[in-house]
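What follows is a set of notes on a single structure, which appears directly below.
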Amino acid sequence: MNPSTRIYLSEIDRNFLSQLRAIDCACLGDFWSLEAYQREINNPSSVVLGLTTENHELLGFGCLWSVLEEAHITVLAVRPEYQGQGFGKAIVWGLLKKSRDRHLEWATLEVRASNYVAIALYQSFGFKEIGRRPNYYEVTGEDALMLWCKGLHTEEFGLLLEQWHESISTNLLAKGWNL
């Protein structure tokens, strides 16, 4: 990696489908099919946000659904070899920014009860636990925690987004990534 590799956070298109699936299989255990990702990319109520390099390598991605005033974050994954560098945080920030841009008022998601790293990540953005879905994950029978973040449309949240962006950009730059 050179001193500052440029990375981009933006909505992605069908050209990234094979990379989406590869990351899905590596991180999520074959969560969605290729067709499901294609539907999400084509759906105007969905956002598929990718973190990419200049060479069009997909480092990670997230997806959300817009449902009335709600942003429902459905997927978040970072290539295993790039985990722990702050990419997940950048993607969650991007999803919350897109949610705010769409005038959504709150965000929800489910996360494995044992996924402490992800839970801490979401809590750093103000998500709070509002419930539990027993046996949510079919393969393992593990419970999912339901998390919620309110007030995305408020001025205060807009200021937090700006602060988070600055902090995320600074932390990534310290690791050689220029967002």
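The values are calculated or read from the model by the stated rules, or taken from the named source; none is laboratory data. As the structure is a computational prediction, the values presented were derived from the model and not from experiment. Cβ: placed from backbone, ideal geometry, glycine included. Neighbour counts: every protein chain shown. Just the protein is used for accessible areas: all its heavy atoms, side chains included, with ligands, DNA and RNA removed. Shrake-Rupley method; radii C 1.70, N 1.55, O 1.52, S 1.80 Å.
Structure values in brief
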item	result
Cβ-Cβ under 9 Å pairs, at least 6 apart or on other chains, segment 16-42 side closer than 9 Å to residue 75 by Cβ and among the basic types (Lys, Arg), far side open to solvent by 40 Å² or more (accessible area, probe 1.4 Å) and modelled with pLDDT of 95 or more	none
Residues of segment 45-66 that turn out to be open to solvent by 50 Å² or more (accessible area, probe 1.4 Å) and over 13 Å from the mean Cα position of the chain (by Cα), as a count	5
Residue 127 vs. criteria within 15 Å of the chain's Cα centre (by Cα), touching a residue at least 12 places away in the same chain (Cβ under 8 Å) and over 28 Å from residue 4 (Cα atoms)	yes
Candidates 117, 139, filtered to the one that is touching a residue at least 60 places away in the same chain (Cβ under 8 Å) and surrounded by fewer than 13 Cβ atoms within 10 Å (Cβ to Cβ)	139
Some residue of segment 148-162 being in a loop (DSSP other than H, G, I, E, B), in contact (Cβ under 8 Å) with a residue 24 or more places away in the chain and under 17 Å from the mean Cα position of the chain (by Cα)	yes
Qualifying residue in segment 127-142 (condition: closer than 21 Å to residue 179 by Cβ, modelled with pLDDT of 95 or more and hydrophobic (A, V, I, L, M, F, W, C))	no
Enumeration of residues in segment 27-43 that are modelled with pLDDT under 95 and small (Gly, Ala, Ser)	29, 33
Considering residues of segment 7-44 that are farther than 14 Å from residue 56 by Cβ and among the small types (Gly, Ala, Ser) only, the residue least open to solvent (accessible area, probe 1.4 Å)	36
Residue list for segment 67-114, restricted to those being of a type in the set (Ser, Thr, Tyr) and either farther than 17 Å from residue 175 by Cβ or open to solvent by less than 10 Å² (accessible area, probe 1.4 Å) (or both)	74, 99, 108, 114
Tally, over segment 95-124, of residues that are farther than 23 Å from residue 46 by Cα, more than 15 Å from the chain's Cα centre (by Cα) and of a type outside the set (S, T, N, Q)	2
